[in-house]
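One structure, as structure tokens, below. Some questions next.
The values are calculated or read from the model by the stated rules, or taken from the named source; none is laboratory data. Values in this document were obtained by computation on a predicted structure and should not be read as measured data. Here the Cβ positions follow ideal geometry from the backbone for every residue, glycine too, while neighbour counts run over all protein chains shown. We work out accessible area using only protein heavy atoms, side chains counted, and drop any ligands, DNA or RNA first. Shrake-Rupley method; radii C 1.70, N 1.55, O 1.52, S 1.80 Å.
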Amino acid sequence: RPDDEELLFTIYASTREDEMRLVPWTEDEKRAFLRQQFEAQRTHYQRYLPETEYLVIERGGQPIGRLYLDRRDDEMRIVDIALLTEHRGRGIGNAILTDLIDEASGSGVPVRIHVERNNPALGLYRRLGFREIGDEGVYLHMERVTAEVAKSEGVAGRGARIHTTERVQHAGRMGEDR
């Protein structure tokens, strides 16, 4: 939705806070750079991942993050998942990822994600059973094989299981009204 645009930008910018602390730019210059990067990312996703769902993660009715998800016949691809800084490290990402793994398991497909090497959530992905299946320089391509896929491929699936009370609200396809 158009009214989610600023929220989605704020969430994106929060994922680059550490990086922005290192550059000697003014706040206006940082914001302009982040806006340009956000728009470039959005354009890329629209062009190359047209079926992606753009979701807003809410807790207690308040938006706290974003989840971009591409459900395919052969995989569930987490295009992007990010929580606002103050909501990280509280088990929310774990709960959402566990729910996605459960959903993918029910469909008999693996869950895949590209993760920056320096992303603090890399440890979480590993704890949930994601393994590296590709090295793309800055990014690691990771996969979580579900139990159904593991049975058919003879691979041992693994991962934590918890139930989440978090609500993921559909924000519509990016650039499209609901």
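So, Y54, is that one surrounded by 16 or more Cβ atoms within 10 Å (Cβ to Cβ) and in a helix (DSSP H, G or I) or not? Can you show your working first?
Numbers: surrounded by 16 or more Cβ atoms within 10 Å (Cβ to Cβ): yes; in a helix (DSSP H, G or I): no.
Here the answer is no, as Y54 does not meet what is asked.
Here's another thing I want to ask about it. Can you tell me which residue is nearest to D74 (Cα to Cα) among those in segment 109-145 that are of a type in the set (D, E) and open to solvent by 30 Å² or more (accessible area, probe 1.4 Å)?
Within segment 109-145, the first condition is being of a type in the set (D, E), and the residues that meet it are 116, 132, 135-136, 143.
This time we only want the ones that are open to solvent by 30 Å² or more (accessible area, probe 1.4 Å), so: 116, 132, 135-136.
Numbers: E116: 23, E132: 18, D135: 21, E136: 21 Å.
Here the residue is E132.
Here's a follow-up. For the subset of segment 6-36 comprising residues that are under 17 Å from the mean Cα position of the chain (by Cα) and free of Cβ contacts under 8 Å to residues at least 40 places away in the same chain, which member is surrounded by the fewest Cβ atoms within 10 Å (Cβ to Cβ)?
Restricting to residues being under 17 Å from the mean Cα position of the chain (by Cα) and free of Cβ contacts under 8 Å to residues at least 40 places away in the same chain, the top hit is R16.
Does G93 fit the bill of being on the phi > 0 side of the Ramachandran plot and small (G, A, S)?
On the way: on the phi > 0 side of the Ramachandran plot: no; small (G, A, S): yes.
When the stated conditions are applied, G93 does not pass them.
Considering only residues that are of a type in the set (V, I, T) and at pLDDT below 90, look in segment 105-161 and name the one that is nearest to the chain's Cα centre (by Cα).
Within segment 105-161, the first condition is being of a type in the set (V, I, T), and the residues that meet it are 109, 111, 113, 115, 133, 138, 145-146, 149, 155.
Restricting the remaining residues to those that are at pLDDT below 90 gives 146, 149, 155.
On the way: T146: 18, V149: 22, V155: 25 Å.
The selected residue is T146.
Still on this model: Considering only residues that are in a strand (DSSP E or B), open to solvent by 10 Å² or more (accessible area, probe 1.4 Å) and farther than 16 Å from L124 by Cβ, which ones fall in segment 71-101?
R71, R77, V79
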